[in-house]
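The values are calculated or read from the model by the stated rules, or taken from the named source; none is laboratory data. As the structure is a computational prediction, the values presented were derived from the model and not from experiment. Methodologically, a virtual Cβ is constructed for each residue, glycine included, from the backbone with ideal geometry; neighbour enumeration extends over all protein chains shown.
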Amino acid sequence: MRAWLLKTGLCAAMALGVALPAEAQAPKRGGVLNYMIAADGGPSLDGHKETTYAVLHATAPFYSTLIRVNPENPSSTTDFICDLCTEMPRPTDGGLTFTFKIRRGVKFHDGSPLDAHDVAVSWRRIVFPPEGVSSAREAAYPMVDKIEDADDTTVIFKLKFPTLSFMPALADPWAFIYSRKVLEKDQHFYERNIMGSGPFKYDSYEIGQAMHGVRNPDYYHTGQPYLDGFNAIFAPKQQTRVDAIRADRATLEFRGMSPSARDQLVKELGDQVSIQESDWNCGNVFTPNHKRKPFDDVRVRKALFMAVDQWKGAEALRKIAIVRTVGGLVFPGSPFAATKEELIHFPGYATDIEKSRAEARRLLKEAGAEGLTVEMLNRNVDQPYIIVGTWLVDEFRKIGVTVKQNIVPTGPWLDKMRAGDFDLAMEANCQMVVNPIADSGRYLPHDIYKENFAYHDDPKQVEIYNKMVRETDPAKARVLMRAYENQVINVGAHQLPTLWFYRILPIRSYMKGWKISNSHYLNQNLANIWLDR
Amino acid sequence: MSATLAADAPDPRRTFWQSTLRFCKREPLGTFGLLLVIIMALTGFSAEWLAPYNPTANDFGAMTEPPSLEHLLGTDQFGRDLMSRIIYGARTALIVGLTSAVFGGFSGLVLGVASAYFGGKIDLIVQRLSDIVMAFPLIIMALAVVAIFGPGVQNVILAITIPLIPRCSRVVRASALTIRSMPYVDAARACGFGHTRIILRHMVPNVMAPFLIMVTSFVGQAILAEASLSYLGLGVQEPVPAWGLMLQGGAEEYASTAPWIAIFPGVAIMLAVLGINLFGDAMRDALDPKLRER
């Protein structure tokens, strides 16, 4: 299995990142990094609860994690290193026990010491959230049985079953380590406040406008961070961000820009801008609300999927948006991903689109939903939400369904989805380290994965997932993944994954030390960034 | 005074067409404005017949195409025909502009006349509320309303209507205050007529001149406000064809490589507002006795 994992990791790493070679220069100290965030602020500041980069890009520099993906090799699916731990553990007990030793002398920004109890409490909050606490990634850890804090420096993860997906899931960049004492007083403190132990200390936050951080002189990775501070500026419109980089008001944005934005900046700035590109473990998901009529009828959901010509859409939209690849539930670069031959049998992937749309119209008629007029909730982020949403609206028109977009800021968008207050929604499936089995857990019913907004029930789907997560033979796990995918997209028509993203980052050339990865969630604590000017 | 009154009196011998012809001769710029408004209105109302393509239909084979015989004004990044979108956009502009102006104007008329007629505490409360609303520029107030109620055509109309109400009410009140003390209003009161009758039959007709001028200028302001809100992503939403919306997103991104995406909707907004403003100015000149003498 180790050999298979290594091979998979190497293949994925080769397929994914197109990062620049490491700079030979010694890092320079000082300077403030200004970067843009392609959104207008998230609903809260709690990394355990939230799922949007709008929160992560603004808060990750303030926090530590137990382990992390190697910032020097961030596209790797197997290269994990310690952040708060002292050494990466070898599993014992037949792959059921992972024992982590925690660094001594680490301090929270308020000066209080950080120990194994803080780590364990934070992880228990993620895996077994207490009553009234929402953990967005709870469903990613069905394998975890117990998290023990044996003493001040030891945290032990005990698993129910050995699995391929545990270690990548543990390198979750959202798994901020919070102060146990603070959580004991108020489990919701971190929704409105920031107090971590990361490379930067909180300075100020103008809600929905900008986040400001200053260097943490007590940071435990000696010498880091190199920057004196950062200003993270929210701007949902791509052109605002392009203008900011062009005028050197900002150095970069960490999410991704469209090909035309890249070309525009390269043309105007020449060698003052460098480009990093990568495939992206992220894609939009079209979600009908199963609690709303007529989307409680599988025929209507399937008809909507069948209207979409993903193959033609990918070809065209890749020119104007940050999307590129047609795929199923799994990141297309992964060995677990479906091939085109496997996908074309699903609604939404037909190569004969006219036949597919004719069938869609028949299903709508059969379901008594002809001439349907509905609203689709979308996020006011142009790349690619509005572009993909606008494309889908026209695809639905071709089967006689009129869809109006309700485009709202990130906060209300998430709030409405969490409240089930929508007919159709354009959301996203953005993951971290490519971890196909755990990543596909986001399609599990809402009862299990709280951030699934289809609000469906499907015991068969859950049964397949539970088998898959326990399967240690990659070939058998892949077969189960196909069955799971069939259940989500075809049998239940619960949600339709649309085009997978492609990450393009124009960066001012003076920014050094940072490498792109296949996820805009990874490598975001800014500790290794320095400015060469 | 008597000469002025004689000049003000409507000439019973003049027909509508003669009055129109006279207006055209005396106000050539206003006539040009009126022409633009008529063209815009006709375009908006007959969009289905005039537009060569479906304004929301993507054509991936014709993305960002420059103006050509096939697409007279070119296409946008989705391959949508710009001319069709501009034609349908006139309808959106008219719906938002006219509805906001008419609702805002009439609400302002009722409030302004009532405020002047009743005076006292009613006047005080209405005027202070107007002060509060008018303290914010129209677009800021509209932004606040959209932020509360959300985007969409109906909410945009509401967002633009609310700040227009006190603007109209203030002007109407000023005219109504002078009328309130006129002998014929006192006479109506002495005859025992009710408030509604006095307001509607005796006061409102006499504030119609400033009211009509205000409403005309409101149409232009409302079109501009709708375009601004849509440009900011708070107005009507994709793929609805609307001029302001056409100026955001693709228009900005492709400004250097496909400038027609930004130029044509910009020209449409400019012509519409110019036309309405020229017509409004001419109406003011025609209806204001002092200016009419010149």
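Taken over segment A:390-426, residues that are touching a residue at least 24 places away in the same chain (Cβ under 8 Å), part of a helix (DSSP H, G or I) and either within 13 Å of chain B (Cβ to nearest Cβ) or among the acidic types (Asp, Glu) (or both) amount to 9. Filtered by the rule that a residue be under 23 Å from the mean Cα position of the chain (by Cα) and either part of a loop (DSSP other than H, G, I, E, B) or modelled with pLDDT under 95 (or both), segment A:243-258 gives A:Thr251, A:Phe254, A:Arg255, A:Gly256, A:Met257, A:Ser258.
If you go through segment A:380-389 and keep only what is modelled with pLDDT under 90 and either more than 10 Å from chain B (Cβ to nearest Cβ) or assigned to a loop (DSSP other than H, G, I, E, B) (or both), you end up with A:Asn380, A:Val381.
Quick one: A:Ile275 ticks every box in (1) at pLDDT below 95; (2) part of a strand (DSSP E or B) except a single one, so which number is it? With (1) at pLDDT below 95; (2) part of a strand (DSSP E or B) applied to A:Ile275, the lone miss is (1). Report, by residue number, each residue of segment B:253-271 that is modelled with pLDDT under 90 and surrounded by 17 or more Cβ atoms within 10 Å (Cβ to Cβ). Within segment B:253-271, B:Glu253, B:Tyr254 meet the criteria. Which of the following residues is among the hydrophobic types (A, V, I, L, M, F, W, C) and at pLDDT 95 or above: A:Ile407, A:Ile464, A:Ile437, A:Ile448? After applying the criteria, what remains is A:Ile464.
Looking only at helices (runs of 4 or more DSSP H) that lie completely in segment A:121-235, which have at least 3 residues being within 25 Å of A:Ser519 (Cβ to Cβ)?
Details: elements: A:166-170, A:180-185, A:189-192.
Passing ranges, in order: A:166-170.
Is it the case that A:Ser197 is surrounded by fewer than 19 Cβ atoms within 10 Å (Cβ to Cβ), among the small types (Gly, Ala, Ser) and modelled with pLDDT of 95 or more? No; evaluated as a whole, the condition is false for this residue.
Here segment A:211-266 is the region considered, the condition is being away from chain B (no Cβ under 14 Å) and charged (D, E, K, R), and the residue that is nearest to A:Tyr502 (Cα to Cα) is A:Arg255. Please verify whether B:Ser228 is under 15 Å from the mean Cα position of the chain (by Cα) and within 30 Å of A:Leu265 (Cα to Cα), treating the condition exactly as stated. Criteria met by B:Ser228.
Restricted to helices (runs of 4 or more DSSP H) entirely inside segment B:199-294, those with at least 1 residues that are more than 14 Å from chain A (Cβ to nearest Cβ), among the hydrophobic types (A, V, I, L, M, F, W, C) and in contact with a helix residue (DSSP H, G or I) (Cβ under 6 Å, 6 or more places away or on another chain) are B:208-231, B:243-247, B:260-287, B:289-292. Tell me, which residue of segment B:56-87 that is under 30 Å from the mean Cα position of the chain (by Cα) and within 11 Å of another protein chain (Cβ to nearest Cβ) is nearest to B:Val267 (Cα to Cα)? Among residues in segment B:56-87 that are under 30 Å from the mean Cα position of the chain (by Cα) and within 11 Å of another protein chain (Cβ to nearest Cβ), the one nearest to B:Val267 (Cα to Cα) is B:Asp76. Of everything in segment B:23-50 that is surrounded by 19 or more Cβ atoms within 10 Å (Cβ to Cβ) and over 18 Å from the mean Cα position of the chain (by Cα), the residue that is nearest to B:Asp81 (Cα to Cα) is B:Ala47. Pairs linking a residue in segment A:487-510 that is within 15 Å of A:Ala337 (Cβ to Cβ) to a residue that is aromatic (Phe, Trp, Tyr) and in a helix (DSSP H, G or I), with Cβ atoms under 8 Å and 6 or more positions apart or on different chains, are A:Val488/A:Tyr443; A:Ile489/A:Phe305.
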